[in-house]
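Report on one structure; see the data block that follows.
FYI, it's all coordinate maths here, none of it is from the lab. Here the structure is a predicted model, which means the values were calculated and not measured. FYI the Cβ positions are ideal-geometry reconstructions off the backbone, even for glycines, and counts take in every protein chain you see.
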Amino acid sequence: MDGNRNSFHSEHLTNGLTIIKQPSNPDLPALITDAGEKAAWRFLEFFTVNIRNKNTRAAYARAVGDFLRWCEGQRIGELGHVQPVHVAAYIEQLHGRRAAPTVKQHLACIRMLFDWLVTGQVMPSNPAHSVRGPRHSVSKGSTPVLSSEEATALLTGMDVSTVVGLRDRAVIAVMTYTFARVGAVVALAVEDYFSQKKRWWLRLHEKNGKVNEMPCHHKLETYLDAYIRAAGIADDRKGPLFRSAIGKTGQLSDRPMLRGDVWRMVRRRASDAGVETPIGYHTFRATGITDYLTNGGRIEVAQRMAGHSNAKTTGLYDRRNDDISVGEVERIGI
């Protein structure tokens, strides 16, 4: 078997979707190409037509690629030969090395793919339909959260002598004060920071096509104004608000920051500030929500601010009980 046939991965579906021009492309999984052109087209349509969010598309592409490669390793020679027992065995094996939420996501993706193939008359039935995933229920998220004092120290103690420093402070402030997802932050254009009703707002393009307009906290206004002035981008209304740095020159390019850029920046800034917790960009979303609720905010308002479809999801970011638990532990007088 040609090794290239096993190389399907998420870049093929996020970088211009170029492979839709050739459904017989050897980079597609062998089980798909061997099933014929109809199956190949239907497979590609699952990602390009059925899934609009590029991050979901990339995650599902990885999940599908892993499963189909596993099937090939089990000597399953045809797509139609995949049975429920095969899906169950894969999920069982995956559960031994991945967290339950990841396993559930993989199973959901496999189910959706086979549903799509069934409705497209590529397969007679869905072999993943009856397979059960691991049980998983949480009342509190696992995202590390900073205390209000730590977050304040990080923002106020950051080196802002360069435009890159001003940019980094503004990025972290946006995530903290608006509870925005990192995808919405890096997608901001200069024109998405606008004046309305005598104050400044941000227009955040969240997942599932939601547009969330948020008034800016007065400190966030200060940080954004300082960054935009130093970057000289106020008149480039259609350009990206947060731009990637040019190496270590301290200057900015015309290209937008990527999610990976933000992750590396956050880890670097946290290390510089002496924050030992291995935080990521979701930390500031959780930190902002927790601080808002601690200071009397309402969960239903936090839900709207965060762009969540239900308050239970918002509650996963509420870490107020962490401090209570620590306080109770300290009551032990041994």
Taking θ = phi - 60°, what integer Hz values does the Karplus form 6.51 cos²θ - 1.76 cosθ + 1.60 yield along the range 188-193, in sequence order, with x for Gly and Pro? 5, 9, 4, 5, 7, 9
For D66, net neighbour charge (Lys/Arg +1, Asp/Glu -1) across residues whose Cβ lies under 14 Å away: +3
Among rounded, prolate and oblate, which fits the range 173-233 when a ≥ b ≥ c are the square roots of the eigenvalues of its C-alpha gyration tensor, a/c under 1.5 means rounded, and a/b larger than b/c means prolate? prolate
What is the sum of charges around R237, taking Lys and Arg as +1, Asp and Glu as -1, for the other residues whose C-beta is under 13 Å from the C-beta of R237? -2
Phi angles of the range 211-222, converted by Karplus (6.51 cos²θ - 1.76 cosθ + 1.60, θ = phi - 60°) into ³J(HN,Hα) in whole Hz with x for Gly and Pro, give 10, 10, 9, 10, x, 8, 4, 4, 5, 5, 4, 4
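Among the listed pairs K198/K219; K104/K210; K54/K219; K54/K210, which are separated by more than 21 Å between their Cα atoms? Walk me through the intermediate numbers first.
Numbers: K198/K219 16 Å; K104/K210 25 Å; K54/K219 32 Å; K54/K210 14 Å.
Result: K104/K210; K54/K219 exceed 21 Å.
R98 to T222: FRET efficiency via 1/(1 + (r/R0)^6), r the Cβ-Cβ distance, R0 51 Å, to the nearest 0.05? Could the numbers behind the result be given before it?
Values: r = 43 Å, r/R0 = 0.84.
Plugging the Cβ-Cβ distance into 1/(1 + (r/R0)^6) gives 0.75.
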Relative to the present Cα-Cα distance, how much length would full extension add between E37 and R259 at 0.36 nm per residue of separation? 76.4 nm
Under-5 Å amide H pairs with S244, H placed in peptide plane, nonlocal only: S253, R255, M257
Can you tally the net charge around P134? Count Lys and Arg as +1, Asp and Glu as -1, for every other residue whose Cβ sits under 13 Å from the Cβ of P134. +4
When the Cα centres of the range 102-121 and the range 208-253 are compared, how far apart do they sit, in Å? 39
Using 1/(1 + (r/R0)^6) with R0 = 35 angstrom and r between the beta carbons of T277 and S130, what's the FRET efficiency to the nearest 0.05? 0.25
